[in-house]
Amino acid sequence: MNPTVTQQCKSVVSLATKLASWAEGCQSMNHLKQIQAQAIASNLQTHSIILGKLFRFAAVSPYGDLAYAYRMFDHMTQPTNFFYNTLIRGYAKSSFPAYSVVLFNQMRQNCIDPDEFSFNFLIKARSRMRLDEISGLPDIMDRDEIHGALLKFGFSSHLLVQNALIHLYAVRGCPVAARAVFDESFRVDIISWSGLVLGHVRAGQLELARQIFDGMPEKDVVSWTAMISGYAQAKYSREALELFSEMGKSGVRPDEVTIVSVISACTRLGDVDLGICVHSYIVQNGFGWMVSLCNALIDMYAKCGCMDRAWQVFNNMSRKSLITWNSMISACANHGEAEGAFWLFSCMLNSGVAPDGITFLSVLIAYTHKGLVDEGYSLFKSMQRDYGIEPSIEHYGCVVDMLGRAGRLNEAYEMVVSMPIPSNDVVWGALLAACRVHGDVDMGERVVKRLLELKPEEGGYYILLRDIYNTSGRTAEANQVRRAMWDSGAEKNPGYSWVGT
């Protein structure tokens, strides 16, 4: 061979090795694009190792760019199993898991056989899909089709795939199907057992979940968390906290999800002393930087009436999410600290965080408690005009309550009848309560007619109308309403005001 050609070959190999090494250590998309530019300049853009490493970074790294990875994929003439698997994996973890199924089907249509990793990522994607996503795609694979494809391609005995399938059935609340896969497995591990626990928890079968949990040969953070979260969500707060205590003795370190469930249990119990202990545990064990935990602590302290501690958590947070701002604004609004809610809302906007419907509802509640009707009504109108947020039934209900408390009953009535969305009994009930406070019999009669069309069995509406008549000295009408309530068989179940007093 010509020495010059040999030297050129060595140079290309050396450059390819160097670029592959750079690609392996890629840390940002800017870095990736620089390496990619070098590869193109050296005619190495299709080098399988370099391309594979760059593609994997873009598709699955937290610092990558899934859309960029898809564009890279789209320019490949014949993508291999590796590239399909990597992109399926990326979408499985993304906000668009349904596209993993689309890619999987595309891979099969292009006669590229899936392997156990293809199925693992596919099943994980399928387990993360919402029901509306599943029904919205015509060629989506259901669980049985995936299971059948596993058998067809001979991957049903792979532990990795079996565990993914158990988890798929578990998150959909199908413990019987999860157990069938478990029982058919040649071998199982701690992940298999945790999937069974999760399946019964999701199905609301806590006793069965606990039996399996207690019988596990070994427990990991997933199984502990599944059981603790199950108790917390079912409002068995004591059981959740007792199990968390056992978890500490077992030596298994909790994760973010575990502790959020524990804080939730403290909140439901209203046990602020225990909540303070959990807070100390969070700080001492290095979890204090986690935004989700701080948000849960703010909510707990606020609901337990410890606003000073809620403010302390909020002020110590170096990073705040939309949920953080909403939690603190809501806490202020519900505790009568209207000025604090207004100040937080202003700070939130100045920090560049865009409000959502929950933000506006909390601020509207603050305006209601403060009696600032014109300011609150102006904020309500700005939702759609300035922020593109469509008011929901809760926003309309809050404004109706606000106007009603201020005695502006005609405005409140006009708002309800002109709403672009269907009204409900709670909105009309808030207006009826205002009619009682202000003794407006005529308006009360109109509102009750609307309410009885919606819920004729609700006795509370009859009682409110009776009280309005009695307040106005119209005893005969009050007695007629009482008889009408008895004749209709309605029962008292009041709940009229949209916001707390």
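The values are calculated or read from the model by the stated rules, or taken from the named source; none is laboratory data. Bear in mind the structure is a predicted one, so any value in this text is a computation, not a measurement. FYI the Cβ positions are ideal-geometry reconstructions off the backbone, even for glycines, and counts take in every protein chain you see. To get the accessible areas, we keep the full protein, side chains included, count just its heavy atoms, and leave off ligands, DNA and RNA. Shrake-Rupley method; radii C 1.70, N 1.55, O 1.52, S 1.80 Å.
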Scope segment 444-470; condition modelled with pLDDT under 80, open to solvent by less than 40 Å² (accessible area, probe 1.4 Å) and under 40 Å from the mean Cα position of the chain (by Cα); matching residues: Glu458, Gly459, Gly460, Tyr461, Tyr462, Ile463, Leu464
Residue list for segment 71-110, restricted to those being open to solvent by 60 Å² or more (accessible area, probe 1.4 Å), β-branched (Val, Ile, Thr) and within 21 Å of Glu24 (Cα to Cα): Thr80
Candidates Val222, Val272, Val283, Val201 - the one that is open to solvent by 60 Å² or more (accessible area, probe 1.4 Å), in contact with a Gly (Cβ under 9 Å, 6 or more places away or on another chain) and not aromatic (Phe, Trp, Tyr): Val222
Meets criteria (hydrophobic (A, V, I, L, M, F, W, C) and touching a residue at least 40 places away in the same chain (Cβ under 8 Å)) for Leu432: yes
Residue within segment 264-277 that is under 21 Å from the mean Cα position of the chain (by Cα), modelled with pLDDT under 95 and among the hydroxyl-bearing types (Ser, Thr, Tyr) present: yes
Residue within segment 214-236 that is under 21 Å from Glu256 (Cα atoms) and free of Cβ contacts under 8 Å to residues at least 24 places away in the same chain present: no
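When the residues of segment 372-398 are narrowed to those that are acidic (Asp, Glu) and either in contact (Cβ under 8 Å) with a residue 24 or more places away in the chain or in contact with a helix residue (DSSP H, G or I) (Cβ under 7 Å, 6 or more places away or on another chain) (or both), which ends up farthest from Ala338 (Cα to Cα)?
We begin by selecting, within segment 372-398, every residue acidic (Asp, Glu); these are 374-375, 386, 390, 394.
Narrowing the set further to residues that are either in contact (Cβ under 8 Å) with a residue 24 or more places away in the chain or in contact with a helix residue (DSSP H, G or I) (Cβ under 7 Å, 6 or more places away or on another chain) (or both) leaves 375, 390, 394.
Values: Glu375: 12, Glu390: 24, Glu394: 19 Å.
If we take residues in segment 372-398 being acidic (Asp, Glu) and either in contact (Cβ under 8 Å) with a residue 24 or more places away in the chain or in contact with a helix residue (DSSP H, G or I) (Cβ under 7 Å, 6 or more places away or on another chain) (or both), then Glu390 is farthest from Ala338 (Cα to Cα).
Would you call Ala476 touching a residue at least 40 places away in the same chain (Cβ under 8 Å) and assigned to a helix (DSSP H, G or I)?
Working: touching a residue at least 40 places away in the same chain (Cβ under 8 Å): no; assigned to a helix (DSSP H, G or I): yes.
So Ala476 does not fit the description; no.
Here is a list: Val426, Val441. Which entry is open to solvent by less than 80 Å² (accessible area, probe 1.4 Å), under 19 Å from Ile365 (Cα atoms) and of a type in the set (Val, Ile, Thr)?
Val426
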Residue in segment 30-49 that is surrounded by the most Cβ atoms within 10 Å (Cβ to Cβ), counting only those that are over 19 Å from Thr77 (Cα atoms) and touching a helix residue (DSSP H, G or I) at 6+ places or on another chain (Cβ under 7 Å): Leu32
Qualifying residue in segment 60-70 (condition: open to solvent by 80 Å² or more (accessible area, probe 1.4 Å), over 26 Å from the mean Cα position of the chain (by Cα) and not aromatic (Phe, Trp, Tyr)): no
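At least 3 residues that are more than 28 Å from Lys249 (Cβ to Cβ) in each: list the helices (runs of 4 or more DSSP H) lying fully within segment 163-220 that qualify. Working first, answer last.
Details: elements: 175-184, 190-202, 206-215.
Correct list: 175-184.
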Residue list for segment 245-269, restricted to those being open to solvent by less than 40 Å² (accessible area, probe 1.4 Å) and assigned to a helix (DSSP H, G or I): Met247, Thr258, Ile259, Ser261, Val262, Ile263, Ala265, Cys266, Thr267
